[in-house]
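Heads up: the structure comes next, in structure tokens.
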Amino acid sequence: MRKSVFVFTILLISSVVFAQQKSTISKPVQKKSQPNTVISKPGIPTAKGTIFFEYTNYDFKQVDEDQGRKQVYFNFKNIGKGDLHIDAIETGCGCTSADWEKVRIYKQGETGRISVSFNPLNLEGKFTRTITIRSDGDPALTFLTIEGSVFGPTRQLSLQYPHAYGSLRFSTNMFTLKNVLDDRHDSVSLLIYNPSDKKIQLKALRSPNYFKGKFISTYIEPRGYEVISFVISPEVAKQYGPVEDQIVLVTDDATLPNKILFFKANIVENFAVKTNDFKNHPPKIVFKELVKDLGEVYYGEVVDYDFEVTNKGKSDLILRRAFGTCGCTVGKVSTEPIKKGNKGIVSIRFDAKNLTGDQVKTISVISNDPTNSYTTLTIKAKLVEPGIKK
């Protein structure tokens, strides 16, 4: 009987101790309150002090190595019933340090903060550091983390010069010039970096005659730079709307001598410089129809259609250009100015080669109508097998 009572007593004491231990454990909740923080969850207050942090994780995101140390403050509060003292803080490496009020005793409800500093020198790449807080509270250990990515000089150069062509790196491989006025010149620059340990010669620059570039030096020294300036001349291009072409930089780079780049531009008419007579009596473009359904078209068949246009304005109407969205649809405009009240045509050729099913194609028409310089025409077709048209 005594043995049974003794065993029962031992089991009862063990159950109470286990329950007490379980009740004092606090688990952080990985809940994002801000883009770079993780909130922790308060533990259950005990007779001792209990440290509770607003957040236990901080993400620095991108850290530039050459900008020196990064710092973050972790705010906390003593939510326990007793006093709290931070005995020590361990950071685990020399790149991370912590500072706090080392002699202060935090009463119940009092707040404080820990300053954590990270030195990114020579630590390019992703990092995660754990900071261990030792206190006389319950729990005795609390863990903070900081993380991020260090971008060193090599990484920064890769971001500034993202396009590699052989031994050289370029700031871009595609120039885009939006709305270049037809009476003005516009310019862009290309930055080139030579990360190799060999001097590279720039031999020639091949580009269209309306998009000319020039470089200052004919050689790029190892870890040196060069700037090539390009100027677009709309009066030389003699074309309105989108234009695109390629540029070839010829070098003596053994890995890739010819560097091919691309450019796009949109040349628009500058109506602001027109005469007062033109502004007061502009042309007006009016199409008889904007949509034409060609009906059934045989596979591989070529269909021509003319859209009729009338100048209902007072000045001469000039059709600058007509172009489709693909090679299957080609537009052609009248070359002569259309006088007041007269008519003209925009000719469309639809080539059904390599097309199937229902087709909808658009054609853009550019004119000197200041209120409607771009007009969109649409053609529709249903492609069928030869000999089965309805």
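The values are calculated or read from the model by the stated rules, or taken from the named source; none is laboratory data. Computed from a predicted model, the values in this text were never measured in an experiment. So basically every Cβ, Gly included, is an ideal-geometry build from the backbone, and we count neighbours across all protein chains shown.
A few comments on the model shown:
- T371 meets each of the listed conditions (1) over 21 Å from L181 (Cα atoms); (2) of a type outside the set (K, R); (3) surrounded by fewer than 13 Cβ atoms within 10 Å (Cβ to Cβ) apart from (1).
- The numbered conditions (1) of a type in the set (A, V, I, L, M, F, W, C); (2) under 30 Å from the mean Cα position of the chain (by Cα); (3) surrounded by 17 or more Cβ atoms within 10 Å (Cβ to Cβ) are all true for A237 except (2).
- Within the range 45-66, if we keep just the residues that are at pLDDT 60 or above and assigned to a loop (DSSP other than H, G, I, E, B), the residue that is farthest from the chain's Cα centre (by Cα) turns out to be A47.
- Here R223 fulfils each of the conditions (1) more than 20 Å from S158 (Cα to Cα); (2) surrounded by fewer than 13 Cβ atoms within 10 Å (Cβ to Cβ); (3) touching a residue at least 12 places away in the same chain (Cβ under 8 Å) apart from (1).
- The test for being surrounded by 13 or more Cβ atoms within 10 Å (Cβ to Cβ) and in contact (Cβ under 8 Å) with a residue 60 or more places away in the chain holds for K382.
- Qualifying residue in the range 246-267 (condition: of a type in the set (D, E, K, R), exposed (fewer than 14 other Cβ atoms within 10 Å of the Cβ) and not in a strand (DSSP E or B)): yes
- Residues satisfying the stated conditions in the range 351-367, i.e. assigned to a strand (DSSP E or B), surrounded by fewer than 19 Cβ atoms within 10 Å (Cβ to Cβ) and among the small types (G, A, S): S364
- Residues that are loosely packed, with under 12 Cβ neighbours inside 10 Å and not in a loop (DSSP other than H, G, I, E, B) within the range 74-103 comprise D87, A88, listed in sequence order.
- Against the numbered list (1) part of a strand (DSSP E or B); (2) in the same structural domain as T251 (by TED's automatic domain parsing); (3) of a type outside the set (G, A, S), F143 comes up short only at (2).
Each row is one residue, and each column tells you yes or no for (1) assigned by TED's automatic domain parsing to the domain that holds V243; (2) assigned to a loop (DSSP other than H, G, I, E, B); (3) within 23 Å of K238 (Cβ to Cβ); (4) in contact (Cβ under 8 Å) with a residue 60 or more places away in the chain.
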residue: Y305; (1), (2), (3), (4): no, no, no, yes
residue: V309; (1), (2), (3), (4): no, no, yes, no
residue: K314; (1), (2), (3), (4): no, yes, no, no
residue: R321; (1), (2), (3), (4): no, no, yes, yes
residue: G327; (1), (2), (3), (4): no, yes, yes, no
residue: V330; (1), (2), (3), (4): no, no, yes, no
residue: R349; (1), (2), (3), (4): no, no, yes, no
residue: D369; (1), (2), (3), (4): no, yes, yes, yes
residue: N372; (1), (2), (3), (4): no, yes, yes, yes
